[in-house]
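Heads up, the thing below is written out as structure tokens.
The values are calculated or read from the model by the stated rules, or taken from the named source; none is laboratory data. The structure displayed is predicted, hence computed values, not measured ones. Positions of Cβ are generated from backbone atoms using ideal geometry, with glycine treated the same way; all protein chains shown enter the neighbour counts. With ligands, DNA and RNA removed, areas are computed over all heavy atoms of the protein, side chains included. Shrake-Rupley method; radii C 1.70, N 1.55, O 1.52, S 1.80 Å.
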Amino acid sequence: MAEKPRTLLEKIWDDHFVASDPGAPAILAIDLHLVHEVTSPQAFTGLRSRGLKVRKPGQTVATADHSIPTLDPSLPILDELARKQLAQIEENCREFGIPFHGQGSPTRGIVHVIGPELGLTQPGMTIVCGDSHTATHGAFGALAFGIGTSEIEMVLATQTLLQRQPKTFRVQIDGRLQPGVGAKDIILALIARIGVGGGTGHVFEFTGDAIRALSMEERMTVCNMSIEGGARAGLIAPDETTFAYLAGRKFAPQGAAWDDAVARWRKLPTDAGATYDRTIVIDGDRLEPMVTYGTNPGMGLPISGRIPSPADLEPAAREDLERALAYMGLQPGASIAGQKLDVVFIGSCTNGRIEDMRAAASVLRGRHVAEGLRVLVVPGSQQVKKQAESEGLDSVFKAAGAEWRESGCSMCIAMNGDQLEPGEYGISTSNRNFQGRQGKGGRSFLASPLTAAASAVTGVITDPRTLVGAASQPSAVEAH
């Protein structure tokens, strides 16, 4: 009898299934455990209290990213909590024999940036981290998701995890993106369409011509924000683009092992005839640059749009929008374009890679940021920083009046002084715009690096197509 056609998710799940009791979560084998300084201390304390060791230290990799300052690394760390967290993870990794990319390491950076660039992230893997945006690694065809502190301890001790198998949700992006429209706009358009809970209980699998045309770094941006649409993870099937990115990276297979790995990876894409629990289709030809206006990533609209009115919504949604607009200080019916800004942040695990730096520099080259505007450009890793500097991108940013920083999470989570002040407006390439996320009382708009850079030039939210000369296109999303 022929095997039942399976989706990418089902293949990875089946390959890592260990055991389960009826009605109970499955025991799932974990290939790679990524660790950073904020969510791991309690887990290591738990191991010590129970007299346990890390089961497979070689399949655990740690870095410092959330608490690390992005100013001159030779300066003392003023934030006491950050200083303690950085000292603690270094001690924990030394005690338990875990590879650590810490302060001073040329391979340090945001955990979801260094995993792929070092070749640690590979197709078909199960990958976990105590961080919501672990879904980033799904761009390689890996099942990757965030876990909590007790789960971190379980993975450290057993290299397994209790999980229930999610449902499948196909997100098909047809057509071709227009100039000025990028990966960030795809994922913001999806979340605006389905809401922040639209993917609950599912794993997104992104398909379609517009997805296949994306680079690996763009695919990472799309998968990164799957969690913001409520999904457990995001997936993109591996292909020649994936293999070309991984080839030759430090921890990728080499020689005959590489050939064997690619042969396995080619079998991962969803089989013809496999069925998904849900499907949505988006016309990529008609997408515009997107920007959020509210206090969750689902409150987004095309940059040519206007702030919606609470009066047009059902009562429950009306109250949410009223609260969001009150916090943001925005008026229904107003254009989102032209909104005044105080700060621009370009960076994060969503958009802190070298292609993001190049995109922002392409807009800022030969231009200057608006008077009185603060612009922070923060590379996602020290390798990204080194590459950007070798291409002269740092000089472009500095000449434009922007701040060029060391790598780290930075303003994405308002650490070490990289934050909005109360009442300030900031446009950010990061992934969350919750109240206070980027500074107490700060008001955040999420957008792509192109949109953020264009807005830096004008001092207001600006359609990047007005600076790159691309014609405006209507927006349309079709759901099934």
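A few points about this structure:
- Here Asp285 passes the criteria (1) part of a strand (DSSP E or B); (2) over 21 Å from Asn431 (Cα atoms) except the one numbered (1).
- Test set (1) part of a loop (DSSP other than H, G, I, E, B); (2) closer than 19 Å to His133 by Cβ; (3) open to solvent by 10 Å² or more (accessible area, probe 1.4 Å) - Asp356 fails condition number: (1)
- Selection from the range 40-68 of residues that are assigned to a loop (DSSP other than H, G, I, E, B), surrounded by fewer than 19 Cβ atoms within 10 Å (Cβ to Cβ) and of a type outside the set (A, V, I, L, M): Gly51, Lys53, Arg55, Lys56
Quick grid of which residues meet (1) part of a helix (DSSP H, G or I); (2) under 18 Å from the mean Cα position of the chain (by Cα):
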residue	(1), (2)
Ser74	no, no
Arg83	yes, no
Gly104	no, no
Thr121	no, yes
Ile127	no, yes
His133	yes, yes
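- The number of residues in the range 176-201 that are open to solvent by less than 30 Å² (accessible area, probe 1.4 Å) and either outside any loop (DSSP other than H, G, I, E, B) or more than 16 Å from Thr221 (Cα to Cα) (or both) comes to 12.
- Single residue of the range 297-321 satisfying the filter (of a type in the set (Gly, Ala, Ser) and in a loop (DSSP other than H, G, I, E, B)) that is surrounded by the fewest Cβ atoms within 10 Å (Cβ to Cβ): Ser309
- Exactly one residue out of Ala64, Ala82, Ala139, Ala87 is over 21 Å from Ser430 (Cβ atoms) and not basic (Lys, Arg): that is Ala87.
- Every test in (1) on the phi < 0 side of the Ramachandran plot; (2) open to solvent by less than 60 Å² (accessible area, probe 1.4 Å); (3) free of Cβ contacts under 8 Å to residues at least 60 places away in the same chain is passed by Gly97 save one, and that test is (1).
- The condition of being open to solvent by 50 Å² or more (accessible area, probe 1.4 Å) and modelled with pLDDT under 95 holds for only one of Asp79, Asp14, that being Asp79.
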